Structure formats: C-alpha cells, structure tokens
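These notes are about the structure you will find just below.
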Amino acid sequence: MTQAQRLAPETPTAILVRNPFNGSPVGEVATNSSAEINAAVLRAKAAQWQFRRSTPAVRRAMLNALAAEIATDADNLARIISDEMGKTIREARNEVRRAQNTLKLSGDAATFLDGEALHCAIVEGGADRLATITYEPVGVVGAITPFNYPLNLLCHKLGPAIAAGNAVVAKPSPKAPLAAARLRELALKAGWPAGLFQIVHGAADAALSLARSPIDLLSFTGGPAAGLALKNASGLVRCLMELGGNDPLFVLPDADLDKAVATAIGHRFEIAGQSCAAVKKLYLHQDIEKAYAEKLLAAVDAVEFGDPSRDDTDMGTVIDLDAARTVAERVNASISGNGARLLTGGTHDGTVFAPTVLANVAADAPVIADETFGPIIAIRSFSDPHEAIAEVNAGAYGLQAGVFTNDHALIKTFSRDLVVGGVMINEGPDFRAEHVPFGGVKRSGLGREGVRIALREMSEPKVVID
C-alpha cells in the first residue's frame, strides 16, 4: 500500500475515496487551501526557473525514467485506477500502458521543438537582418483533470509540459485523486526535482484557486460550465480546454456491419460510457438499420458487466450513484416524453448500469440533447447523409465523429462538412493516438491536446533579430 492509499480518519480537510462498485474505502488525500495552492505554484515557479534551460536530452531522460517507474508499478497503478473510479481492471491496465506511451512520446517530441530563421529583407527595402524564432517554456502549467482517465489524461498534460521545460501543478478530480498522487510519488522516485511536479487536492473551490494563482497556462479537461468558470477566473492566462462532446457514429449501407457493431460497443461501453469522445449518437442508414440492430443487440447481450476487479468483466460502473440516477432519468424521459423505444437495458443496480440500447430516439431527447456519461447507445435513423450531417452540426458540441463507409465520395463529404475536431473513417469517434492532435470546436473546447501539438501550445515563441 502506498502513502496515497493509507487510510486515516476522515476529516473535513480530507477526501475519502470509495470504490464505486462496493463502497469500500480505498484511500484518502488531504485537501489544500487556497494559500497552500498558491504556495505550491510559487515553489513550481522557483523549480521551473532552474529547469527552463535544461536540454531536450535531459527532459527526455526524465520522462523516460518516469515511464519506467510506471512500468514497474503497473499492476499497483491499475488496481488504484480500477478501485477509485470503477473501470475494469483490463481497462485500467490499458490506461497504464497508454500513459507510458504518452510520456515516452513527449520525451521524443522534446527533440523536435524546432525554431526557424526568417530573412527580414524578403521585401524591397527590408533590413538586411535575420530573424531567429525559438520556443521557450511558458512557466508553470496548472493542470486540472477529470475522473475518467485519472492517469493518462494527467500524463497528456504533464508530458508535453515537462518536454517544453515547464513545471506543473495538477489538481485531479476529487472523485479519483489516488492515481495522480501515486504518479507524483513515482516522479520523485525517478529523480525529478520536488517542486517541478506537484499535486494539490480539492473540489471546485480548489480548481478556482489554482486558476487564480500565478500560473502561466491553464490546461483543463472537464465540462463546458466548469471550463467557462475557470477561464473567467484565470483572466488573461492562456487556456487549453477539452470540454467533452456529443459524438456521432455514422454507419452507411456499404459498411462492414460486424466491425461497426464491435466499434460501437467497444467505444460506448468503455468505462461504462464515461469517455468524452464515446459514441453518444448512433446514426444508422435506413437501408441497414434493421440488420445492424439485430447484430448490435446480440453483441450487447454478450457484454459481461459488474465487478470491475474481475478479469472477465467487460464493463464496470459509473462513477457514483448520482451519475447512475442522472443517466436513468434521461433514459426514462427519452422514452416517456420523446417516444424512444427501449431495446435492452435501461436499469441500474447502484452504480452498475446495464448496457442500454434505445431506438427511435428524437433529436431533442434528453439522452442525446446533451452529453450523457453512461452506457447508452441511442439510435437515430437517416436516409440523406447531408441532413444527418446538418443535424450534428446544429448541436453545441464538435469533438470527433466516426464514419463507417468505403465510398470515397461520402468520405470526402463527411470529412469536409462535419464541424468537428476530428473525423475517424471506419473507426469510432473515441479513437485517438497519443501524438495526434485531439480536441474540438464550439463547446467542445479551446486548443488541442496530443503530444506534439501540446508541446508547442505550452511554449512561447521568441524572436531575435540580428
């Protein structure tokens, strides 16, 4: 048991973390006051001032060292993640693997933070001088992360920040703070300076305190309302925000239906439907809707759900009972008030929500009117791709989309016309690679994550003309 997991009597200044599946206590962290958060940022500034002139080779070695510590501690980290937020142990192991990749790719990307040289005499009468553009660290990155990927999403902020020469003060979700606390312990074990990467704990008030502290960049993953509050609190500080999505998956008549079914289930039921880019709206062309639905229901029936600690469990729990009740309310309202038809599921036992499929879902039904964090596949039927695209574009979000077709003309249409941050062809909207830009438009966020682009986002260009 690590220091982050040791239990102590619960106090008003501590967060007791309970297993969402069985309610057992799994760890406790002390919350931080506004003054303590401010002090952590000042320590980070001092550490970053010493670190800012470090070489890319040093930064890569540090990130690789932390990745190696994660590999050594992989089983323990996976158990922490599964216990604190309810994803299956297999999903947790995969997150630990991805976190290592994120850090290694960040270290590699540090060697490509290249500048450029521009001649100032490019126009007639221009000075015979050369402008050299380099990229310097912004300073201290305030990182605020959600519960659903408590390790890898933190590494997506930490890795590029360190690769660019910054310090990081992170505040994880109070619903799943233990993996972040363990990551900081591993960073110290890997030989990182104590002030360079720090963790503070708390709820919304702590997040606002971090946003108001003297950070130099705020990186936040969460919902639009919280994002706006943090943006207002941070003033003129640069903000990178991934604020969720209401993502569609389109299945066209020529699609590989078996693959499209497996993708919908894998992406929507991953971590019990609590992924920001999961399939929230399944658009089925009317020519294949019946055949697809039959295959889908058979596959849903085979999903093993329940105890996240079991290796044979496919889907674990939602984060807490309030989340389960919210999902149930949206499902019931979509059926009773909007005419949706329940094909399977729709019930929950505590935090264990049955895999659910709804058909005839209206465009304004509560289950898809806004982002729903739960294992709900909501089917929309369409015949005209242009009308389906227009319906998606009319929504408030624009994170990613998936399209199953081999029709080149349709691929061009969907890729060109969808107003989203990413279009995945013959894949689900939840697909991402750690080094590729990830983010959205409209209410889905500001800026992009993904190792290489985040490295540049967390840097300041400097021009020297000589």
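The values are calculated or read from the model by the stated rules, or taken from the named source; none is laboratory data. All values derive from a computational prediction rather than experimental measurement. Cβ: placed from backbone, ideal geometry, glycine included. Neighbour counts: every protein chain shown. Note: areas computed on protein heavy atoms with side chains; ligands, DNA, RNA excluded. Shrake-Rupley method; radii C 1.70, N 1.55, O 1.52, S 1.80 Å.
Among Leu113, Pro56, Thr31, which residue has its Cα furthest toward the positive end of the charge dipole of segment 1-140, with +1 on Lys/Arg Cβ and -1 on Asp/Glu Cβ? Highest projection toward the positive end goes to Thr31.
Going by accessible surface with a 1.4 Å probe and the largest first, Arg330, Arg60, Arg182 read Arg60, Arg330, Arg182.
Using only side-chain charges placed at the Cβ, +1 for Lys and Arg and -1 for Asp and Glu, the dipole size of segment 40-87 relative to its Cα centre rounds to 540 debye. Within straight-line reach of Lys171, meaning a Cα separation under 17 Å, sit the following aspartates and glutamates at least 8 residues removed in sequence or on another chain: Glu28, Glu36, Glu84, Glu185, Asp205, Asp216, Glu242.
Maximal additional length on extending the Ile133-Glu36 stretch stands at 31.2 nm, based on 0.36 nm per residue less the C-alpha distance.
Equivalent ellipsoid of the chain: semi-axes from √(5λ) of the C-alpha gyration tensor, largest first, are 38, 29, 19 Å.
Just report the Cα centroid separation between segment 228-292 and segment 94-110, whole Å. Segment 228-292 and segment 94-110 have Cα centres spaced 24 Å from each other.
Amide H to amide H distances under 5 Å link Val441 with Gly398, Leu399, Gly421, where only residues 5 or more positions off or on other chains count and H is placed in the peptide plane.
Nearest-5 percent of antiparallel DSSP beta bridges in the chain?
So the antiparallel bridges amount to about 40 percent of the total.
Ordered from highest to lowest accessible area with the whole protein assembly present and a 1.4 Å probe, Ser209, Ser24 read as Ser24, Ser209. Its relative contact order, with pairs defined as Cα atoms under 8 Å and 6+ residues apart, puts segment 90-138 at 27 percent.
Dimensions of segment 193-302 based on its C-alpha atoms, expressed as ranges along the principal axes with the largest first, amount to 57, 27, 23 Å. Listed values for segment 409-419 are Karplus-derived 3J(HN,Hα) couplings in whole Hz (6.51 cos²θ - 1.76 cosθ + 1.60, θ = phi - 60°), namely 5, 5, 4, 5, 5, 5, 5, 7, 9, 5, 8, and x replaces Gly and Pro. The calculated FRET efficiency for Leu342 paired with Ala291, based on their beta-carbon distance and R0 = 22 Å, is about 0.65. Net charge dipole, the chain: roughly 1340 debye, given to the nearest 20, about the Cα centre with Cβ charges of +1 for Lys and Arg and -1 for Asp and Glu.
Legend: residue pairs Lys231/Lys281; Lys104/Lys189; Lys280/Lys442; Lys259/Lys281, Cα-Cα distance threshold 19 Å; pairs beyond threshold, Lys231/Lys281. Using a ≥ b ≥ c from the Cα gyration tensor of segment 275-382 (square roots of the eigenvalues), is it rounded, prolate or oblate, where a/c under 1.5 gives rounded and otherwise the larger of a/b and b/c decides, a/b for prolate? Since a/c reaches 1.5 but b/c is at least a/b, the shape of segment 275-382 is classed as oblate.
Cα-based values for segment 383-466, radius of gyration first and Dmax second, are 16.0, 62 Å.
May I ask you to give the percent of accessible area on the chain that is carbon plus sulfur, with a probe radius of 1.4 Å? Mind dumping the intermediate values first?
Numbers: 9810 of 18600 Å².
Answer for the chain: carbon and sulfur cover 53 percent of the accessible area.
Mean silhouette area of segment 187-238, derived from the convex hull of its C-alpha atoms and averaged over all directions, reads 4.3 nm².
For the chain, the longest principal axis of the C-alpha atoms and the axis of helix 289-301 are separated by about 70°. Not counting the cut sites, what is the longest span of the chain without GluC sites (Glu not before Pro) that DSSP labels loop and that have at most 15 other Cβ atoms within 10 Å? The reported range is 125-303. Sorting Lys189, Lys171 on solvent-accessible area from highest to lowest, probe radius 1.4 Å, gives Lys189, Lys171. Evaluated with a Cβ-only charge set (Lys, Arg +1; Asp, Glu -1), segment 117-262 carries a dipole of roughly 700 debye about its Cα centre, given to the nearest 20. Calculated accessible area for the chain comes out at 40 Å² per residue, all protein chains present (probe 1.4 Å; ligands, DNA, RNA ignored).
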